[in-house]
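Trainee: Following this message is one structure expressed as structure tokens.
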Amino acid sequence: YPYASVLSPEEAEFQPAGRAEFLNRIMTGDWDAVILADSQMTMIPTRPETQAAFVRQEIRDLIESMEAEYDENGKSRTFKQIESAKAKLEKQLKELELKIADRRDTTTYFDDLGIDQLFVDEAHTYKNLRFSTSMSGVKGLGSAANGKGSDIAWDMYQKVRYLQQNGKGIVFATGTPI
């Protein structure tokens, strides 16, 4: 900067009518940086196949957690919470599989943008990613425990994991203590 090739959308460019054209500019341009607001990032979906792969992995992780939750008397109290989270993920997976089978859209997905590095400011916005634990009543675990996390954190998680699996980078920045 100031000689860098930077792209940042005007408000109208990220409205539904102009979004596809703007995303195509990202894909076809040779940009040093593309600046998007967090609200705009959530409007760029990951490919349904990518989402399904992440949901399948989450289900496998929950099954592993469930197997660890058996005690000498049978199931623990946490087992039911994990089982409930697993059922929600299985429902989400079925919806994704239907979307994959019935896809007729021309959506540009996050996976198609060719992103090499993602810099996320205000990273504390994404702190409530769902997770499973056998611990309950622990101060600070909050509602993200046992599958009750935020959708925006899940969306960012998928995008970050996609980049990491493809050898790309991610930088989170925040001035708020996490």
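Trainee: How much solvent-accessible surface does E58 expose, in Å² to the nearest 10, with a 1.4 Å probe and all protein chains in place?
Mentor: Number for this one is 30 Å².
Trainee: Using modelled amide H (1.01 Å from N, peptide plane; none on Pro or chain starts), what sits under 5 Å from the amide H of T46, excluding residues fewer than 5 places away?
Mentor: Under 5 Å from the amide H of T46 lie the amide H atoms of F110, each far enough along the sequence or on another chain.
Trainee: For K80, list the aspartates and glutamates whose Cα falls under 18 Å from its own Cα; do not include residues on the same chain fewer than 8 positions away.
Mentor: Qualifying aspartates and glutamates at Cα under 18 Å: E58, D61, E64, E67, E69, D71, E72, E90.
Trainee: Long-range amide H contacts for I170: which residues qualify at under 5 Å (H placed 1.01 Å from N, peptide plane, sequence gap of 5 or more or a different chain)?
Mentor: Answer set, sorted by chain and number: L118.
Trainee: Between their Cα atoms, which of K99/K159; K88/K159; K91/K168; K86/K168; K94/K139 are more than 28 Å away from each other?
Mentor: K91/K168; K86/K168; K94/K139
The values are calculated or read from the model by the stated rules, or taken from the named source; none is laboratory data. Quantities reported herein were computed from a predicted structural model and do not represent experimental measurements. In case anyone asks, the SASA skips ligands and DNA or RNA and just uses the protein heavy atoms, side chains included. Shrake-Rupley method; radii C 1.70, N 1.55, O 1.52, S 1.80 Å.
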